[in-house]
Amino acid sequence: MDFLALAKKRYACRQYLDRKVEEEKLMQILEAGRVAPTGANRQPQRLVVVRSKEGMERLARCTRDFGAPLAIIVCADTSEAWTRKYDNKTISDIDASIVTDHMMLCAASLGLDTLWVCMFRPEAVREEFRLPEHVEPVNILIVGYGAGEPASPERHDTLRKPLAETVVEETF
């Protein structure tokens, strides 16, 4: 499958089968996150894999889990992230998002469905999963086998803005 077909196949899955994600697939997803590019190759991502019943119950106290068997809490070690010298922007959130995207697309290539969750209570995640002060939860990637009908890859034809509305040449 070419990259655009894969990207169009991926959708925000909000209902999952009661089926575990195979260990070898999880390892491939985590490897995709490991090889993701990060600012100055600092690799500040810290991934908390949640797959036990107890762990998923703890996660459900922080956000909706949509009945998925697995979640990866994507965190950033802010003490290791690169900072842009011109305005002192620390790009840990960008690095964590690149890692999340790589893992999400890898999961799709393996026949798994995902949901990228940003609507969660950060302090609850910090408490439930005992995150150190310098480790910030950025995203949660819900992973599993989707229940129901997946979204059509053609949905992008009508749900996405045309390139002319989002791309300019040279300057605004």
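Hey, among the residues in the range 112-123 that are in contact (Cβ under 8 Å) with a residue 40 or more places away in the chain and of a type outside the set (Val, Ile, Thr), which one's farthest from Asp93 (Cα to Cα)? Even if it seems obvious, please write down each step before you answer.
Initially, the range 112-123 is screened for residues in contact (Cβ under 8 Å) with a residue 40 or more places away in the chain, giving 112-117, 119-121.
Filter once more, so that each one left must be of a type outside the set (Val, Ile, Thr): 112-113, 115-116, 119-121.
Numbers: Leu112: 25, Asp113: 23, Leu115: 18, Trp116: 14, Met119: 15, Phe120: 15, Arg121: 16 Å.
Looking at residues that are in contact (Cβ under 8 Å) with a residue 40 or more places away in the chain and of a type outside the set (Val, Ile, Thr), I get Leu112.
Residues in the range 72-86 include none that are open to solvent by 50 Å² or more (accessible area, probe 1.4 Å) and closer than 18 Å to Ala108 by Cα. Of all residue pairs spaced 6 or more apart or on separate chains, those with beta-carbon atoms under 8 Å, a first member in the range 36-54 that is closer than 20 Å to Lys25 by Cα and a second member that is open to solvent by 50 Å² or more (accessible area, probe 1.4 Å) are Ala36/Ile98; Ala36/Asp101; Ala36/His102; Val50/Arg58; Arg51/Lys20. Scanning the range 31-56 for residues that are open to solvent by less than 60 Å² (accessible area, probe 1.4 Å), among the hydrophobic types (A, V, I, L, M, F, W, C) and in a helix (DSSP H, G or I) yields a count of 2. When the residues of the range 124-154 are filtered to those that are surrounded by 11 or more Cβ atoms within 10 Å (Cβ to Cβ) and without any contact (Cβ under 8 Å) to a residue 40 or more places away in the chain, the one that is nearest to Gln45 (Cα to Cα) is Pro132.
Select from the range 57-80 the residues that are outside any helix (DSSP H, G or I) and basic (Lys, Arg) and list them in ascending order. If you could, list the steps in order and put the result at the bottom.
Step one: filter the range 57-80 for residues outside any helix (DSSP H, G or I), giving 61-80.
Passing the criteria: Arg61, Arg64.
One residue stands out among those in the range 8-27 that are under 14 Å from the mean Cα position of the chain (by Cα) and not in a loop (DSSP other than H, G, I, E, B): the one that is surrounded by the most Cβ atoms within 10 Å (Cβ to Cβ), which is Leu26. If you check Leu105 against the conditions, is it in a helix (DSSP H, G or I), under 14 Å from the mean Cα position of the chain (by Cα), of a type in the set (A, V, I, L, M, F, W, C) and within 22 Å of Pro150 (Cβ to Cβ)? The answer is yes for Leu105.
The values are calculated or read from the model by the stated rules, or taken from the named source; none is laboratory data. Nothing here was measured: the structure is a model prediction, and the numbers come from that model. Reconstructed Cβ throughout: ideal geometry from the backbone, glycine too, with neighbour counts over all protein chains shown. Calculation scope for accessible area: heavy atoms of the full protein, side chains included, ligands and nucleic acids excluded. Shrake-Rupley method; radii C 1.70, N 1.55, O 1.52, S 1.80 Å.
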